[in-house]
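So the structure is just underneath, and the comments pick up after that.
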Amino acid sequence: MQRMIQLVAAAAFAAATGSAAADDLSAPNAAGIAMGHLHYVVRDVAANKAFWVTLGGHSVLFNGTTEGIVFPDVVVLLRQGEPTGGTEGSVVNHVAFRVKSVAAIERAGFAVEYNTQYPGVASIHTPEGERIELFDDELATNLGFTIDNGGTDAVADRHNRKLEVPIIAHHIHLNVPQDQVAAAKEWYATYFGGVRGKRWRYEAVDLPGININISGVDASQAPTRGRMLDHIGFEVTNLEAFCRELEAKGIKLDRPYGKLPSGFGLAFLTDPWGTYIELTEGLRDL
(Lines give C-alpha, C1' and ligand atoms only; values in the text may rest on other atoms or scores of the structure.)
Protein backbone atom coordinates (compact mmCIF):
# COMPACT_ATOMS: atom_id res chain seq x y z
CA MET A 1 0.00 0.00 0.00
CA GLN A 2 2.80 2.44 0.88
CA ARG A 3 4.50 1.70 -2.44
CA MET A 4 1.24 2.42 -4.29
CA ILE A 5 0.86 5.74 -2.46
CA GLN A 6 4.39 6.71 -3.46
CA LEU A 7 3.77 5.87 -7.12
CA VAL A 8 0.52 7.84 -7.19
CA ALA A 9 2.29 10.83 -5.62
CA ALA A 10 5.07 10.51 -8.18
CA ALA A 11 2.66 10.54 -11.09
CA ALA A 12 0.72 13.49 -9.70
CA PHE A 13 3.79 15.60 -9.04
CA ALA A 14 5.40 14.79 -12.40
CA ALA A 15 2.18 15.77 -14.15
CA ALA A 16 2.01 19.03 -12.21
CA THR A 17 5.59 20.07 -12.90
CA GLY A 18 5.95 18.84 -16.47
CA SER A 19 8.96 17.01 -17.89
CA ALA A 20 12.35 18.07 -19.17
CA ALA A 21 14.08 17.08 -22.37
CA ALA A 22 17.70 16.06 -22.81
CA ASP A 23 18.33 19.17 -24.88
CA ASP A 24 17.50 21.21 -21.77
CA LEU A 25 21.20 21.06 -20.94
CA SER A 26 22.67 24.56 -21.03
CA ALA A 27 24.48 25.87 -24.08
CA PRO A 28 28.26 25.55 -23.65
CA ASN A 29 30.55 28.38 -22.63
CA ALA A 30 33.45 29.63 -24.76
CA ALA A 31 35.54 26.65 -23.62
CA GLY A 32 32.83 24.28 -24.89
CA ILE A 33 31.72 23.24 -21.38
CA ALA A 34 28.27 22.84 -19.83
CA MET A 35 26.97 20.80 -16.93
CA GLY A 36 26.14 17.26 -18.00
CA HIS A 37 25.30 14.64 -15.41
CA LEU A 38 25.45 13.29 -11.88
CA HIS A 39 26.23 9.56 -11.79
CA TYR A 40 24.97 7.66 -8.76
CA VAL A 41 25.78 4.07 -7.78
CA VAL A 42 22.78 2.68 -5.89
CA ARG A 43 21.53 -0.64 -4.58
CA ASP A 44 17.94 -0.20 -5.77
CA VAL A 45 17.72 1.50 -9.16
CA ALA A 46 13.93 1.36 -9.37
CA ALA A 47 13.39 3.07 -6.01
CA ASN A 48 15.90 5.80 -6.80
CA LYS A 49 14.42 6.32 -10.25
CA ALA A 50 10.97 6.81 -8.65
CA PHE A 51 12.49 9.38 -6.26
CA TRP A 52 13.98 11.50 -9.04
CA VAL A 53 10.90 11.25 -11.26
CA THR A 54 8.73 12.33 -8.34
CA LEU A 55 11.04 15.30 -7.87
CA GLY A 56 10.16 16.42 -11.38
CA GLY A 57 12.56 14.69 -13.75
CA HIS A 58 11.79 12.84 -16.99
CA SER A 59 12.87 9.21 -17.34
CA VAL A 60 15.10 8.16 -20.25
CA LEU A 61 17.16 5.06 -21.00
CA PHE A 62 20.74 5.98 -21.80
CA ASN A 63 22.66 3.82 -24.27
CA GLY A 64 19.98 1.18 -23.92
CA THR A 65 21.11 0.10 -20.45
CA THR A 66 21.47 2.98 -17.96
CA GLU A 67 18.50 4.64 -16.29
CA GLY A 68 18.56 8.40 -16.61
CA ILE A 69 16.34 11.14 -15.22
CA VAL A 70 16.52 14.45 -17.07
CA PHE A 71 16.13 17.84 -15.38
CA PRO A 72 16.80 21.28 -16.80
CA ASP A 73 20.61 21.61 -16.83
CA VAL A 74 21.46 18.09 -15.60
CA VAL A 75 20.85 14.38 -16.18
CA VAL A 76 20.89 12.03 -13.19
CA LEU A 77 22.26 8.61 -14.16
CA LEU A 78 21.75 5.50 -12.00
CA ARG A 79 23.90 2.38 -11.96
CA GLN A 80 23.27 -0.63 -9.74
CA GLY A 81 26.09 -1.38 -7.33
CA GLU A 82 27.34 -1.29 -3.75
CA PRO A 83 28.71 2.19 -2.92
CA THR A 84 31.35 2.65 -0.24
CA GLY A 85 29.41 5.57 1.28
CA GLY A 86 27.40 8.68 0.53
CA THR A 87 28.62 12.12 -0.44
CA GLU A 88 29.03 13.25 3.16
CA GLY A 89 32.67 12.74 4.01
CA SER A 90 33.74 12.97 0.37
CA VAL A 91 35.05 15.98 -1.51
CA VAL A 92 31.59 16.49 -3.06
CA ASN A 93 29.59 17.07 0.12
CA HIS A 94 26.22 17.46 -1.62
CA VAL A 95 24.38 18.67 -4.69
CA ALA A 96 21.55 21.21 -4.72
CA PHE A 97 18.52 22.06 -6.83
CA ARG A 98 16.58 25.30 -7.02
CA VAL A 99 12.80 24.90 -6.95
CA LYS A 100 9.81 27.19 -7.24
CA SER A 101 8.22 25.74 -4.10
CA VAL A 102 9.60 23.44 -1.42
CA ALA A 103 6.08 23.27 0.01
CA ALA A 104 4.86 21.69 -3.25
CA ILE A 105 7.57 19.05 -2.96
CA GLU A 106 6.51 18.32 0.60
CA ARG A 107 2.89 17.98 -0.54
CA ALA A 108 4.04 15.43 -3.12
CA GLY A 109 5.06 13.14 -0.27
CA PHE A 110 8.72 13.95 0.37
CA ALA A 111 9.98 14.13 3.94
CA VAL A 112 11.40 17.67 3.92
CA GLU A 113 13.89 18.83 6.53
CA TYR A 114 13.80 22.61 6.75
CA ASN A 115 16.91 24.56 7.71
CA THR A 116 15.45 26.77 10.42
CA GLN A 117 18.49 29.04 10.39
CA TYR A 118 18.12 30.02 6.74
CA PRO A 119 14.70 30.67 5.16
CA GLY A 120 13.86 28.75 2.04
CA VAL A 121 16.65 26.17 2.46
CA ALA A 122 15.74 22.53 2.99
CA SER A 123 16.91 18.98 2.35
CA ILE A 124 15.35 15.73 1.24
CA HIS A 125 16.96 12.28 1.13
CA THR A 126 17.03 9.63 -1.56
CA PRO A 127 15.79 6.12 -0.67
CA GLU A 128 19.37 5.23 0.29
CA GLY A 129 20.02 8.29 2.42
CA GLU A 130 21.75 10.68 0.02
CA ARG A 131 21.02 14.28 0.98
CA ILE A 132 19.78 16.61 -1.75
CA GLU A 133 19.66 20.30 -0.85
CA LEU A 134 16.76 22.42 -2.08
CA PHE A 135 16.38 26.19 -2.38
CA ASP A 136 12.92 27.74 -2.53
CA ASP A 137 13.04 30.43 -5.20
CA GLU A 138 10.53 32.65 -3.39
CA LEU A 139 11.99 32.34 0.10
CA ALA A 140 15.73 31.70 -0.05
CA THR A 141 17.99 34.72 0.41
CA ASN A 142 21.32 33.07 -0.40
CA LEU A 143 20.95 32.10 -4.06
CA GLY A 144 22.63 35.07 -5.72
CA PHE A 145 25.98 34.93 -7.48
CA THR A 146 28.39 37.87 -7.49
CA ILE A 147 31.19 37.92 -10.04
CA ASP A 148 34.68 38.78 -8.80
CA ASN A 149 35.81 42.35 -9.48
CA GLY A 150 32.27 43.45 -10.25
CA GLY A 151 32.12 41.87 -13.69
CA THR A 152 29.02 40.73 -15.55
CA ASP A 153 28.15 37.51 -17.35
CA ALA A 154 24.83 36.85 -19.06
CA VAL A 155 24.84 33.14 -18.20
CA ALA A 156 25.90 33.49 -14.56
CA ASP A 157 23.28 36.17 -14.06
CA ARG A 158 20.59 33.44 -14.11
CA HIS A 159 21.22 33.05 -10.38
CA ASN A 160 19.97 36.60 -9.83
CA ARG A 161 16.68 36.11 -11.70
CA LYS A 162 13.52 34.23 -10.77
CA LEU A 163 12.99 30.69 -12.00
CA GLU A 164 11.01 30.01 -15.16
CA VAL A 165 10.77 26.25 -14.54
CA PRO A 166 9.64 24.23 -11.49
CA ILE A 167 13.08 22.79 -10.73
CA ILE A 168 16.62 23.23 -12.02
CA ALA A 169 20.14 22.17 -11.05
CA HIS A 170 21.82 24.76 -8.86
CA HIS A 171 25.17 23.77 -7.34
CA ILE A 172 27.72 21.12 -6.50
CA HIS A 173 29.36 21.78 -3.13
CA LEU A 174 33.02 20.82 -2.73
CA ASN A 175 34.81 20.51 0.62
CA VAL A 176 38.57 20.96 0.32
CA PRO A 177 41.30 21.76 2.90
CA GLN A 178 41.15 25.35 4.13
CA ASP A 179 44.37 26.37 2.38
CA GLN A 180 43.20 24.89 -0.94
CA VAL A 181 39.97 26.85 -1.51
CA ALA A 182 41.58 29.46 -3.77
CA ALA A 183 43.47 26.78 -5.72
CA ALA A 184 40.28 24.76 -6.30
CA LYS A 185 38.45 27.85 -7.50
CA GLU A 186 41.26 28.68 -9.91
CA TRP A 187 41.50 25.10 -11.17
CA TYR A 188 37.84 24.92 -12.25
CA ALA A 189 37.92 28.41 -13.70
CA THR A 190 41.12 27.80 -15.64
CA TYR A 191 40.51 24.34 -17.09
CA PHE A 192 36.76 24.61 -17.72
CA GLY A 193 36.36 28.28 -18.53
CA GLY A 194 34.31 29.00 -15.40
CA VAL A 195 33.32 32.44 -14.13
CA ARG A 196 34.96 33.30 -10.81
CA GLY A 197 32.77 34.72 -8.07
CA LYS A 198 30.88 34.05 -4.87
CA ARG A 199 27.56 32.36 -4.18
CA TRP A 200 26.50 33.99 -0.92
CA ARG A 201 29.52 33.48 1.39
CA TYR A 202 31.10 30.66 -0.61
CA GLU A 203 33.89 30.97 -3.14
CA ALA A 204 32.41 29.72 -6.39
CA VAL A 205 32.92 29.08 -10.07
CA ASP A 206 29.98 29.27 -12.42
CA LEU A 207 29.62 27.03 -15.46
CA PRO A 208 26.59 26.86 -17.73
CA GLY A 209 24.07 24.75 -15.85
CA ILE A 210 25.88 24.51 -12.51
CA ASN A 211 27.53 26.61 -9.82
CA ILE A 212 30.50 25.00 -8.09
CA ASN A 213 30.65 26.10 -4.44
CA ILE A 214 33.83 25.55 -2.45
CA SER A 215 34.17 25.36 1.33
CA GLY A 216 37.33 25.02 3.39
CA VAL A 217 37.45 22.17 5.93
CA ASP A 218 40.08 20.93 8.36
CA ALA A 219 41.21 17.83 6.47
CA SER A 220 41.22 16.29 3.03
CA GLN A 221 38.01 14.45 2.20
CA ALA A 222 37.57 11.04 0.60
CA PRO A 223 37.60 10.81 -3.21
CA THR A 224 34.20 10.46 -4.87
CA ARG A 225 35.04 7.38 -6.91
CA GLY A 226 33.20 4.42 -5.43
CA ARG A 227 30.84 6.58 -3.35
CA MET A 228 27.13 6.86 -4.04
CA LEU A 229 27.79 9.96 -6.16
CA ASP A 230 30.63 8.27 -8.02
CA HIS A 231 31.32 11.13 -10.40
CA ILE A 232 30.06 14.33 -11.93
CA GLY A 233 29.99 14.93 -15.67
CA PHE A 234 30.51 17.88 -17.98
CA GLU A 235 29.18 17.86 -21.54
CA VAL A 236 31.89 19.10 -23.89
CA THR A 237 31.75 20.37 -27.46
CA ASN A 238 34.61 18.97 -29.59
CA LEU A 239 35.65 16.65 -26.77
CA GLU A 240 38.57 15.02 -28.54
CA ALA A 241 40.26 18.36 -29.13
CA PHE A 242 39.46 19.49 -25.58
CA CYS A 243 41.14 16.37 -24.17
CA ARG A 244 44.25 17.06 -26.22
CA GLU A 245 44.31 20.59 -24.80
CA LEU A 246 44.00 19.30 -21.23
CA GLU A 247 46.85 16.85 -21.73
CA ALA A 248 48.99 19.58 -23.27
CA LYS A 249 48.42 21.61 -20.10
CA GLY A 250 49.65 18.72 -17.96
CA ILE A 251 46.30 17.20 -16.95
CA LYS A 252 46.48 13.41 -16.71
CA LEU A 253 43.35 11.65 -17.91
CA ASP A 254 42.30 8.55 -15.96
CA ARG A 255 40.68 7.30 -19.14
CA PRO A 256 41.78 8.85 -22.43
CA TYR A 257 39.29 10.08 -24.96
CA GLY A 258 37.34 7.36 -26.71
CA LYS A 259 33.98 6.57 -28.26
CA LEU A 260 31.37 3.97 -27.44
CA PRO A 261 29.93 1.93 -30.34
CA SER A 262 26.96 4.33 -30.29
CA GLY A 263 29.33 7.22 -31.10
CA PHE A 264 29.09 8.69 -27.61
CA GLY A 265 32.41 10.33 -26.67
CA LEU A 266 33.89 10.17 -23.18
CA ALA A 267 36.98 10.61 -21.06
CA PHE A 268 37.66 10.64 -17.29
CA LEU A 269 39.90 12.65 -15.00
CA THR A 270 40.17 13.38 -11.27
CA ASP A 271 40.58 16.87 -9.86
CA PRO A 272 43.46 17.44 -7.39
CA TRP A 273 41.08 17.00 -4.43
CA GLY A 274 39.49 13.71 -5.48
CA THR A 275 36.42 14.63 -7.53
CA TYR A 276 36.04 12.05 -10.28
CA ILE A 277 34.89 13.81 -13.47
CA GLU A 278 33.55 12.36 -16.71
CA LEU A 279 33.76 14.42 -19.86
CA THR A 280 31.10 13.51 -22.42
CA GLU A 281 29.98 14.44 -25.89
CA GLY A 282 26.58 13.20 -26.93
CA LEU A 283 24.52 13.45 -23.74
CA ARG A 284 22.30 16.00 -25.49
CA ASP A 285 21.26 13.27 -27.93
CA LEU A 286 19.46 11.21 -25.27
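The values are calculated or read from the model by the stated rules, or taken from the named source; none is laboratory data. Values in this document were obtained by computation on a predicted structure and should not be read as measured data. Here the Cβ positions follow ideal geometry from the backbone for every residue, glycine too, while neighbour counts run over all protein chains shown. All accessible areas refer to the heavy atoms of the entire protein, side chains included, with ligands and DNA or RNA removed. Shrake-Rupley method; radii C 1.70, N 1.55, O 1.52, S 1.80 Å.
The table that follows gives values for the structure above.
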| item | result |
| --- | --- |
| Label-point separation in nm, R79 to K259, each point 7 Å along Cα→Cβ | 2.2 nm |
| For the chain, built as a Gaussian network whose Cα springs stay under 10 Å, the top-fluctuating residue of G86, G109, G57 | G109 |
| Carbon and sulfur %, accessible surface of the range 213-286 computed with the full protein complex present, 1.4 Å | 47 percent |
| Fully extended contour minus Cα-Cα distance, from R43 to E240, at 0.36 nm per residue | 67.6 nm |
| Those trypsin sites (Lys or Arg not before Pro) in the range 211-286 that DSSP places in a loop and that have at most 13 other beta carbons within 10 Å | K249, K252 |
| Farthest positive-ward along the range 143-223 dipole, Cα basis, beta-carbon charges - from P223, T146, I212 | T146 |
| Three-way shape label, the range 122-262, alpha-carbon gyration tensor, a/c 1.5 | rounded |
| Helical contribution to [θ] at 222 nm, DSSP H n ≥ 4, -39,500 (n - 2.57), averaged over the chain, rounded to 500 | -6000 deg cm²/dmol |
| Relative contact order (%) - the chain, alpha-carbon pairs under 8 angstrom, separation at least six | 21 percent |
| Three-way shape call for the range 111-194 based on the alpha-carbon gyration tensor, with the a/c threshold at 1.5 | oblate |
| Kyte-Doolittle mean at least 1.0 and Cα axial length at least 20 Å: DSSP H helices in the chain | 2-17 |
| Residue-level accessible surface for H125, protein heavy atoms, 1.4 Å, Å² | 70 Å² |
| Area accessible to solvent at R161, 1.4 Å probe radius, in Å² | 110 Å² |
| Charge context of A154, other residues only, Cβ under 13 angstrom, K/R +1, D/E -1 | -1 |
| Ordering of 64-72, 205-213, 36-44, 178-186 by packing [mean C-beta count within 10 Å, highest first] | 205-213, 36-44, 64-72, 178-186 |
| Average Cα contact separation per residue, the range 200-286, under 8 Å, 6 or more apart, as relative contact order % | 28 percent |
| The range 119-264, relative contact order [Cα under 8 Å, separation at least 6], % | 18 percent |
| Calculated FRET efficiency for the pair V217/E128, C-beta based, R₀ 25 Å, to 0.05 | 0.55 |
